[in-house]
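Structure first, then comments.
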Amino acid sequence: MLVSPGPRVIDPKDHPSSTSGLRMLKRLLHSAILSLFLSSGLNAATFPQRIASGTVGSDEILLQLLKGDEQRLIAVSTFAVDPRYSFIEKLPPSVKGRVGENIESLLLLKPDLVIIASYTSVEVAAQLKAAKVNVQIQKSFGGLKDIEANILELGKLTGKDKEAEVLVASMETTIDKAIANQAKCKQRPKVLQYASSDILPGTETIIDDIMERSGFHNILRDINFKGWAPISSEILAQQNPDFIIASSVEAP
């Protein structure tokens, strides 16, 4: 019968090279662990700690991503608590600043990151850059995928990547459930989103994306109407939608 030998015991005196190798391995492991510890602390500290949001969209996203860490958000847009534009019901007490036309008051808060959009006033963007403030401009708002990309971008900028991924996944789940529960139609109802300003949404807008994904048809697609743009009363009168969606509240 064969007997398996037990583990060999290495005597350091007989195998000095093995002992040296073990010591080297221990040093490398110690250095690696220390490096990971220090780098994780450094990364947390280097993410922006004084963030100012200049759009309603980034207001809502950042408040979701920074739950439990709201003190890092020092300012939001002037429309953040305006129910005509925002779904934010109440701001955390730590959020005291507002991002608007008065850049001087914002600069006094010493932000280390300001989020604005491509449609933000050119003067505001220029003043922020002139003051050497770290500015991130979000540029794409043509559909839900753009919004999801903006969420992921803000997650990366703030060190909240996982939270951003969870938020995006939650959005997709909510949309999928809504679509699954809706009544089936033989033909997509034709819809016109109307505003008294006569600036209406065509393709490459969030409104259009939501209409199409929810089973409706944006009638302005039929005339190759793109983006948010003014429409003449003559062309508007030629449309024959099944439904017209209008706001119940007039924007200023």
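A compact table of results
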read-out: Cross-chain or 6+ apart pairs with Cβ under 6 Å, the range 61-73 first and at pLDDT 95 or above, then charged (D, E, K, R) and in a helix (DSSP H, G or I); value: 65/163; 66/72
read-out: Residue within the range 162-171 that is among the acidic types (Asp, Glu), assigned to a helix (DSSP H, G or I) and touching a helix residue (DSSP H, G or I) at 6+ places or on another chain (Cβ under 8 Å) present; value: yes
read-out: Residue list for the range 124-139, restricted to those being in contact with a Ser or Thr (Cβ under 8 Å, 6 or more places away or on another chain) and free of Cβ contacts under 8 Å to residues at least 24 places away in the same chain; value: 137, 139
read-out: Residue match in the range 231-244 (condition: under 20 Å from residue 86 (Cα atoms) and either under 27 Å from the mean Cα position of the chain (by Cα) or assigned to a helix (DSSP H, G or I) (or both)); value: no
read-out: Some residue of the range 77-86 being more than 20 Å from residue 150 (Cβ to Cβ), among the hydrophobic types (A, V, I, L, M, F, W, C), modelled with pLDDT of 90 or more and in a loop (DSSP other than H, G, I, E, B); value: no
read-out: Tally of residues being surrounded by 17 or more Cβ atoms within 10 Å (Cβ to Cβ) and either of a type in the set (D, E, K, R) or in contact with a strand residue (DSSP E or B) (Cβ under 6 Å, 6 or more places away or on another chain) (or both) across the range 61-88; value: 8
read-out: Residue in the range 161-178 that is within 25 Å of residue 122 (Cβ to Cβ) and either surrounded by 18 or more Cβ atoms within 10 Å (Cβ to Cβ) or assigned by TED's automatic domain parsing to the domain that holds residue 238 (or both) present; value: no
read-out: Qualifying residue in the range 103-115 (condition: part of a helix (DSSP H, G or I) and under 23 Å from the mean Cα position of the chain (by Cα)); value: yes
read-out: Residue among 84, 50 that is farther than 25 Å from residue 141 by Cβ and of a type outside the set (S, T, N, Q); value: 50
read-out: Meets criteria (at negative phi and more than 30 Å from the chain's Cα centre (by Cα)) for residue 214; value: no
read-out: Search result, residues across the range 182-211 that are within 22 Å of residue 139 (Cβ to Cβ) and either touching a Lys or Arg at 6+ places or on another chain (Cβ under 6 Å) or in a helix (DSSP H, G or I) (or both); value: 202, 203, 204, 206, 207, 208, 209, 210
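Okay, residues lined up against (1) surrounded by 14 or more Cβ atoms within 10 Å (Cβ to Cβ); (2) assigned by TED's automatic domain parsing to the domain that holds residue 61; (3) touching a Leu at 6+ places or on another chain (Cβ under 6 Å); (4) within 22 Å of residue 49 (Cβ to Cβ):
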residue	(1), (2), (3), (4)
97	yes, yes, yes, yes
105	no, yes, no, yes
111	yes, yes, no, yes
147	yes, yes, no, no
150	yes, yes, no, yes
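The values are calculated or read from the model by the stated rules, or taken from the named source; none is laboratory data. On a predicted model such as this, the values are computed, not experimentally measured, just so you know. Cβ atoms come from the backbone with ideal geometry, glycine included; neighbour counts cover every protein chain shown.
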